[in-house]
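The values are calculated or read from the model by the stated rules, or taken from the named source; none is laboratory data. In this text, all values refer to a predicted model and were calculated from it rather than measured experimentally. All Cβ positions, glycine included, derive from the backbone under ideal geometry; neighbour counts span all protein chains shown.
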Amino acid sequence: MTRTIRLLALCTALSPVPALAQDMLSAELELGLSTNLDSSVNFKRVEGSFMTHFSGRTNLQLDFGMSKYEADGSTSPFMALHVFYAVTPSTDIGMFLSGEDRLGTSYTLWGAEFAHTAGALEIQGYAGFQDPVSAGGLNGNIYGLDLAYALGASQTWSLLFGAHMADLDGGTSRDTAYLGVARKFANGMTLEARAAQHDTGDAVLSIAAHFQLGDGVRFNRRDFFQNFPDY
């Protein structure tokens, strides 16, 4: 993962520094906890993102974070860069590159993504590839779709739905689907609860607190444990 993080840092450093200093940044911090109801294993996440607001249509988003199984001494850090283009005021398309250390095995993930807002409905999707940097990991394709629908005139409550899939070497797969609800507050905080079902049959409950600075960020984070919590 070190090689990938160095590449991400170089890409960020080569961005127009004066513009970054002058243009407004927005951000999001997430604190999350998941529990696997079948294995009784708990899982923690601390993640954050920063997004630029350049005057043109092209912008950047930088993600970073750390996750950990309570019963495991190893932590799983990650860092990711999104580069995206506003096709319309409501539609963005982009690319992402992520490096992560997943319980001792390093991976690089990259792919294409989109985000579209239509009134109360927000849709995000991605398709990409997972490549292990160190021995013992599995190559494969990754896909995902997330939907959020804001309820009522105030749009303080939202319904959540999503599904994520990984088709890996040797016929190995990782599939999960979730339903959830989110509640926004005036101070920029959002509380969220999700119930997920993995293809293993395990049920996972997750809660998270999101803290938004400015307009927040456009894209969800693409690290494995964001999309496959407590797998």
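Things to note:
- Counting only residues that are at pLDDT 95 or above and exposed (fewer than 14 other Cβ atoms within 10 Å of the Cβ), the stretch 190-202 holds 1 of them.
- Failed item, numbered, when V83 is tested on (1) touching a residue at least 24 places away in the same chain (Cβ under 8 Å); (2) within 30 Å of D199 (Cβ to Cβ); (3) touching a Leu at 6+ places or on another chain (Cβ under 8 Å): (2)
- Filter result for G140 (free of Cβ contacts under 8 Å to residues at least 40 places away in the same chain, closer than 25 Å to F96 by Cα and buried (at least 17 other Cβ atoms within 10 Å of the Cβ)): yes
- S134 meets the conditions (1) out of contact with any Ser or Thr (no Cβ under 6 Å at 6 or more places or on another chain); (2) not in a strand (DSSP E or B) in every case but one. The failed one is (1).
- Of the residues making up the stretch 53-79, those that are within 28 Å of L33 (Cα to Cα) and touching a helix residue (DSSP H, G or I) at 6+ places or on another chain (Cβ under 7 Å) are L62, S67, S76, M79.
- Residues that are among the charged types (D, E, K, R) and assigned to a strand (DSSP E or B) were ranked within the stretch 158-183; the one that is surrounded by the most Cβ atoms within 10 Å (Cβ to Cβ) is R174.
- Of all residues in the stretch 29-73 being in a strand (DSSP E or B) and either without any contact (Cβ under 8 Å) to a residue 12 or more places away in the chain or among the charged types (D, E, K, R) (or both), the one that is farthest from T91 (Cα to Cα): K68
- Check on Y126, within 23 Å of D101 (Cβ to Cβ) and either assigned to a strand (DSSP E or B) or acidic (D, E) (or both): yes
- Residue in the stretch 109-121 that is within 29 Å of D38 (Cα to Cα) and surrounded by 15 or more Cβ atoms within 10 Å (Cβ to Cβ) present: yes
- Residues in the stretch 46-83 that are at pLDDT 95 or above, more than 18 Å from L213 (Cα to Cα) and small (G, A, S): A80 alone.
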